[in-house]
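Below is one structure, written out as structure tokens, with a few remarks after it.
Nothing in this text is a laboratory measurement; each read-out follows from the coordinates by a stated rule. All values derive from a computational prediction rather than experimental measurement. Methodologically, a virtual Cβ is constructed for each residue, glycine included, from the backbone with ideal geometry; neighbour enumeration extends over all protein chains shown.
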Amino acid sequence: MTYGGRAATLVLVAVWGVFLAAADYRNPPQTFDFMHAILLPIHEAGHVLFRPFGEFMAIAGGSLFQVLLPSAIAVAFIVKQRDPFGAAICLWWAGASLVDLAPYIYDALEPQIVLLGGHTGEDGPHDWIYLLGRLGSLRRAHGWGTAAHHLGVLAMIAGAAWGASYLWKMAPWRRDGN
């Protein structure tokens, strides 16, 4: 039963990953996205968690926490649970988080995305306009957004491949587990 559940989970994240990877981060839709709905509260919590470290870190904290949370859970799966499959799924999740951030980063140069407050970055706060502006890299927002998307896709592929490798080794028909 556990093996079948893990196999189904792997198929789900692999297929979901294809859809996330194929989404146009350069021109994101202004509609409901299920993965974004999962990640948005984590992103917003990051702003609060990093607030004690100053304005820059409070603003960066949303994006940081969105990627660090699944990464930390992956480490816990390996160290505490000795569960490479759980860690692989968390690696996929960290990649999906980067893919989710890519449109937001890309948008910083020419803000079009309507943010939580109902405005674009031109009308109000936009994390990545502030962050890239402070780093002197706002003109490179499109490159940073593209890099985040591609790195996220690679992490999703790596997570799915790691999960598939683990399942192959643990397949019930492979009695010796090698």
Kindly provide the set of residues from segment 129-139 that are under 13 Å from Ile105 (Cα atoms) and either touching a residue at least 60 places away in the same chain (Cβ under 8 Å) or surrounded by fewer than 16 Cβ atoms within 10 Å (Cβ to Cβ) (or both), ordered by number.
-> Tyr130, Leu131, Gly133, Ser137, Arg139
Answer residue from segment 44-93, given it is outside any helix (DSSP H, G or I) and within 21 Å of Arg134 (Cα to Cα) and is farthest from the chain's Cα centre (by Cα) among those = Gly54
Tally of residues being farther than 16 Å from Gly5 by Cβ, surrounded by fewer than 17 Cβ atoms within 10 Å (Cβ to Cβ) and not small (Gly, Ala, Ser) across segment 74-101 | 5
Give just the number: which of (1) surrounded by 13 or more Cβ atoms within 10 Å (Cβ to Cβ); (2) free of Cβ contacts under 8 Å to residues at least 60 places away in the same chain does Met156 not satisfy?
-> (2)
